[in-house]
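Just below is one structure, and these are the notes that go with it.
Every read-out reported here was derived from the displayed coordinates using simple, explicitly stated rules and does not represent laboratory data. This is a predicted model, so every value here is computed, not measured. Ideal geometry is used to build each Cβ from the backbone, glycine not excepted, and the neighbour counts take in all protein chains shown.
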Ligand code: NAD
Ligand code: DAU
């Protein structure tokens, strides 16, 4: 079947894996990757597929409603997979407005453009909004987020994502726009930008720098390998029920300190260093303001309704991730030069 799918944020961490999954798996689809190439967007992530005949890159900013409408008019996508976002919680604490602009206004611009070009009928059309488990707020020591958990965002990032989720549902309820949402737990894997915990620690171990652990390190996250997230998006985009949300996760909770210790163990082994070497770099630092204690996803719905299963264990996924970073030193050098250093100094020194 021929289709045109517009993927936003396709040059970012998760977006690049989604673009690759679709370009390779669906040669009869035209895949349009729309991305503004902010600090987090990097076309090096897509070098291996950039010359495929079913792939097109469009540099555009979703906060510009006119440009977005022009892109939709030109390419006439029948599906949208929306990943473009400001994604880092710490940056949302220092600059919340950027998160409102891209995550809220940008999402509404895309919804308006889809509604306009699909005004003659919604048959065969779909707007897939990619969101986060952070919209549900924080869990205490027990319990899991289900699709029915009440929204309770705490950070400017999660508040902006919650708002965008509400707009997506509002366009479904008000105008009948065909939508699906996915709310996923923490991703890790190749191409992860080193402002996030796992790639930041990999980079710092390689450079013999401190591994900053916020607060007491007992905060808990539920980690999913990024390629498994891309596979979940493929399933929900094609088979999810119109108007529904699906939580995506791997039942894989780790306290930050235990995760960083496991990372140190695997890094020492791969780098041929005596066990315990990297662990000495662990440094407890000032806590993140409003830090959510625990996230954990109940992925029963996507498993039972769509047959979704993650393909790797955490130990395997982490090993693949470290191997990728060790094999791609140039990628890491490029993304950690220039503005990254300024960000790092401001955030950690
Ligand atoms: P990322 O920060 O790595 O990439 C974001 C991409 O969006 C970049 O390519 C960037 O250039 C692009 N972008 C940013 N602002 C834009 C704008 N105004 N116009 C056009 N493009 C713009 O993010 P990520 O970690 O890959 O996350 C992708 C999506 O998945 C986000 O919506 C995020 O909320 C969601 N999500 C992320 C995680 C995670 O663990 N990283 C988990 C669940 C959900
Ligand atoms: O849960 C999904 C979310 O996961 C996504 O929606 C976000 O886009 C993504 O960034 C991620 O958010 P987190 O804030 O959980 O990820 P981060 O890697 O920034 O932090 C993971 C945990 O590690 C968190 O408890 C904060 C802690 N941390 C983070 C950094 C960067 C540290 O202890 N030290 C650090 O230097």
Practice problem: Can you bin region 68-153 into rounded, prolate or oblate? Criterion: square roots of the alpha carbon gyration tensor eigenvalues sorted a ≥ b ≥ c, rounded for a/c under 1.5, prolate for a/b above b/c, oblate for the rest. | Solution: oblate
Exercise. Give me the distance between the Cα centres of region 261-287 and region 1-39, rounded to whole Å.
Key: 35
Exercise. Sticking with the crude label model, points 7 Å out along Cα→Cβ, report the distance from residue 65 to residue 273 in nm, one decimal please.
Key: 5.2
Quiz item: Cα centroids of region 106-132 and region 157-171: how far apart, whole angstrom?
Solution: 14
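What FRET efficiency do you get for residue 293 and residue 238 if R0 is 35 Å and r is their Cβ-Cβ distance, rounded to the nearest 0.05?
Working: r = 35 Å, r/R0 = 1.01.
About 0.50, to the nearest 0.05.
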Quiz item: Applying 1/(1 + (r/R0)^6) with R0 = 51 Å to the Cβ-Cβ distance of residue 283 and residue 119, what FRET efficiency is obtained, to the nearest 0.05?
Solution: 0.35
Quiz prompt | Extension reserve of the residue 51-residue 207 stretch, reckoned as 0.36 nm per residue once the Cα distance is removed | solution = 52.7 nm
Practice problem: For every helix of n ≥ 4 consecutive DSSP H residues, a contribution of -39,500 (n - 2.57) applies; sum these over the chain, divide by its total residues, and give [θ] at 222 nm rounded to the nearest 500 deg cm²/dmol. | Solution: -12500 deg cm²/dmol
Exercise. Compare 76, 255, 316 in a GNM of the chain, Cα atoms joined below 10 Å, and give the one with the largest fluctuation.
Key: 316
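Pull up the DSSP beta bridges for the chain and report the antiparallel fraction as a percent, rounded to 5. Before the final figure, lay out the partial values.
Numbers: 4 of 42 bridges.
Close to 10 percent.
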Exercise. Using a Gaussian network model of the chain whose springs link C-alpha atoms within less than 10 Å, name the residue from 87, 185, 319 with the highest mean-square fluctuation.
Key: 319
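How much length would be gained if the chain were fully extended between residue 141 and residue 342, taking 0.36 nm per residue of separation minus their Cα-Cα distance, in nm to one decimal? It would help to have the intermediate numbers written out before the result.
Numbers: separation 201, 0.36 × 201 = 72.36 nm, distance 3.60 nm.
Extra length from residue 141 to residue 342 when fully extended: 68.8 nm.
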Practice problem: Determine, for 325, 22, the number of other Cβ atoms within 10 Å of each Cβ, and report the residues in order from fewest to most. | Solution: 325, 22
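Using only the Cα atoms of region 280-343, build the gyration tensor, take square roots of its eigenvalues as a ≥ b ≥ c, and label the shape rounded, prolate or oblate: rounded if a/c is under 1.5, else prolate if a/b is larger than b/c, else oblate.
Taking the square roots of the gyration eigenvalues as a ≥ b ≥ c, region 280-343 is oblate.
Quick one: if the Förster radius is 30 Å, what FRET efficiency do residue 251 and residue 214 give, using the C-beta to C-beta distance and rounding to 0.05?
On the way: r = 24 Å, r/R0 = 0.80.
Computed FRET efficiency for residue 251 and residue 214: 0.80.
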Exercise. Taking only Cα atoms and a 10 Å spring cutoff, compute GNM fluctuations for the chain and point out the largest among 288, 169, 221.
Key: 288
Practice problem: Write down the percent of antiparallel bridges among all DSSP beta bridges whose residues are both part of region 192-349, to the nearest 5. | Solution: 40
